[in-house]
Amino acid sequence: EAGVAQSPRYKIIEKRQSVAFWCNPISGHATLYWYQQILGQGPKLLIQFQNNGVVDDSQLPKDRFSAERLKGVDSTLKIQPAKLEDSAVYLCASSFGQAGNTIYFGEGSWLTVV
Amino acid sequence: QKEVEQDPGPLSVPEGAIVSLNCTYSNSAFQYFMWYRQYSRKGPELLMYTYSSGNKEDGRFTAQVDKSSKYISLFIRDSQPSDSATYLCAMSANRDDKIIFGKGTRLHILP
């Protein structure tokens, strides 16, 4: 079974530029999550989708971050404009239902903002 | 006080030793407790999952939850160099609730 796919794996941009990350969840998983993990910290949930609807985006900085999951499968997370403090790993994860305890993570997209 | 506290380490132990990793938490509503392992440059992978208090064993790994003390532990027996990773505790109040992660403890097993 293929895992959660993410791209790009690594990205370096200058502050105020934009960046987009793509995620394809495990086949059949209805719930998709985007987490932000800053170096030395645990993952922090940015947004959770159930199919193509948003379940929780309370910690998404909506002035600069946006995410979509138009067809209920793959998803895109965008940052515009980027700030230095956005340097982090952006982890996509998925789960079969809304059983958020057993979620499967991708390898992450590493963002450095300079 | 943070919801979940975890010593970031690093923790270095010799191969074959028993490792004890711990987290404390403040929210008494937490009922679901998880341990994730994260290798360098990889995403976290679920290692252990327990509900409420008690122990759960899986091979060399034992997860322990003491809700009265708001304290959870992960024990690794016969530690191997391949166990070197960051271990994240995580917890939630209900199955569908947001999962709160600890900062993670970096573990080094010395050959």
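Evaluate the charge dipole of chain A about its Cα centre and quote only its size in Debye, nearest 20, assuming +1 on the Cβ of each Lys and Arg and -1 on the Cβ of each Asp and Glu.
Computed charge dipole of chain A: roughly 280 debye.
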Cα-centred dipole magnitude for the protein assembly as shown, charges only on beta-carbon of K, R (+1) and D, E (-1), debye, nearest 20: 480 debye
Karplus-derived HN-Hα couplings along region B:105-111 (A = 6.51, B = -1.76, C = 1.60, θ = phi - 60°), whole Hz, x at Gly and Pro: 10, 7, 10, 10, 9, 8, x
At R0 = 30 Å, FRET efficiency that the Cβ-Cβ distance of B:Ser28 and B:Glu57 yields, to 0.05: 0.75
Radius 10 Å from Cβ of A:Pro25, net charge of other residues (Lys, Arg +1; Asp, Glu -1): 0
C-alpha center-to-center spacing [region A:1-76, region B:35-69] in angstrom: 25 Å
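For a test of the definition: using alpha carbon positions, the gyration tensor, and the 1.5 limit on a/c, classify the protein assembly as shown as rounded, prolate or oblate.
prolate
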Entries of A:Lys15/B:Lys2; B:Lys2/B:Lys98; A:Lys15/B:Lys98; A:Lys44/B:Lys42; B:Lys42/B:Lys103 with Cα pairs more than 26 Å apart: A:Lys15/B:Lys2; A:Lys15/B:Lys98
Net dipole in debye of region B:62-111 [+1 Lys, Arg Cβ; -1 Asp, Glu Cβ; about Cα centre; nearest 20]: 160 debye
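Read-outs: derived from the displayed coordinates by stated rules, not from any lab. All figures in this text were calculated on a predicted structure; none of them were measured in a lab. Heads up, the Cβs are rebuilt from the backbone with ideal geometry, glycines too, and the neighbour counts pull from every protein chain shown.
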